[in-house]
Amino acid sequence: MKATIRVNIPQTPYDVRIAPGGLDYLGAWLSAGSSPLVKPNQKVLVVSNPVVFDLYGERAIASLRQAGYEVCDCILPAGEPHKTLASIEKIHDVAYKNRLERSSAMVALGGGVIGDMTGFAAATWLRGIAVVQVPTSLLAMVDASMGGKTGVNHPKGKNLIGAFHQPRLVLIDPQVLETLPVREFRAGVAEVIKYGVIWDLPLFETLEAADRLDDFTCVSDQLLQAMLVHSCQAKADVVSQDVQESGIRAILNYGHTVGHAVESLTGYSQINHGEAVAIGMVAAAKIAEMLSQPLSQPLSQPLSQWDATATQRQQQLLEKAQLPRTLPAGIKIDDILMALKSDKKVQSGKVRFVLPKSIGEAFVTDQVTDEMVSSTLEELISKN
């Protein structure tokens, strides 16, 4: 089942192609037409990690060479701990060695870490060259590969160093998910659930109707297609309205405020991004419940209509995907509060939280106090 979703960003619109077996047509799609996305006979640098490259590198390179591109590669260690400026320097070194020009391109073949780093390297090589995203994880397919956010982590916080740099094409081949570890598949489901909560009630209800969400082999082709199409369309709708996150795009960070803090405090190694987002979603839902109560002046009306039933519905989806709903052992609430102060969404010293208003709708607020966060996190401490 094929689908194409247009991301209508001014000056730099692009397509998200969902095509089983599409990896073999990467080169053909880049070079097709009178105005190719990347002109034939140009140099293309494929960036990947060892695991993904062993599985899919030859196919991607063969497709590019068949279309006439001169291909080189840069293989970086896998994992969030390597999402650093040192890795960007390695990509730049390969680009220099192979004399990549402004007409050249980089192809990100991998998950969200590879996609973010390749995009940032492309944005900063010769002040910006083309990048193509070929995500190989569910999380990258539905989230990281779209929207043009690129970057690396700082020791004190996630994604603090980066740039907006839109891809020329996002190619999603669902067949590559057959080799994705179960834990990584579940991490991607966390982002899919996020879209259902903040934007797409029909998607949320589709997930509720599914028997299982915890294993790729137990998800039908029809359900997988719905997850991919609905999630990608949701992100396309949002980022097309707000390219550089000055407004509505911030709702895509649902679950990420507490989630990023947890990732940072656990050294980007104890839990993965999707698991951290799941924990952050649990926290955000509980805070939204607090803000559904009448507030004192000057805010006399509740900010949210979210209630305990909605929290429970979200909780059941996270459980169905076997995602964590409590804080990792040993993490301190005071440390989370401190980490939140370094979040990218802080404005005028206030942390801005993305919270659900109802299933299918979210909002951003700075009316969340440290006391609210602390009491919520206390509930998320595992009693085991």
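The values are calculated or read from the model by the stated rules, or taken from the named source; none is laboratory data. This one's a predicted model, so the numbers in the text were calculated from it and none came from an experiment. When we count neighbours, we look across all protein chains shown, and the Cβ atoms used for this are built from the backbone with ideal geometry, even at glycine.
Some notes on this structure:
- E245 of a type outside the set (S, T, N, Q) and over 18 Å from A362 (Cα atoms): no
- Complete set of residues in segment 262-281 that are assigned to a helix (DSSP H, G or I) and either more than 25 Å from A308 (Cα to Cα) or over 18 Å from the mean Cα position of the chain (by Cα) (or both): E263, S264, L265, H273
- Test: residue in segment 96-116 that is part of a loop (DSSP other than H, G, I, E, B) and of a type in the set (A, V, I, L, M): yes
- Here G68 does not fit the description of being at positive phi and within 25 Å of the chain's Cα centre (by Cα).
- Number of residues in segment 1-38 that are surrounded by fewer than 16 Cβ atoms within 10 Å (Cβ to Cβ), at pLDDT 95 or above and more than 27 Å from M227 (Cβ to Cβ) equals 1.
- Cβ-Cβ contacts under 6 Å between residues 6 or more apart (or on different chains), taken from a first residue in segment 10-37 that is assigned by TED's automatic domain parsing to the domain that holds A67 to a second residue that is among the hydroxyl-bearing types (S, T, Y), are listed as D15/T4; R17/T4; D24/S63; L26/S63; G27/S63.
- Looking across L26, L37, L30, L64, one residue alone is part of a helix (DSSP H, G or I) and touching a Phe, Trp or Tyr at 6+ places or on another chain (Cβ under 9 Å). It is L30.
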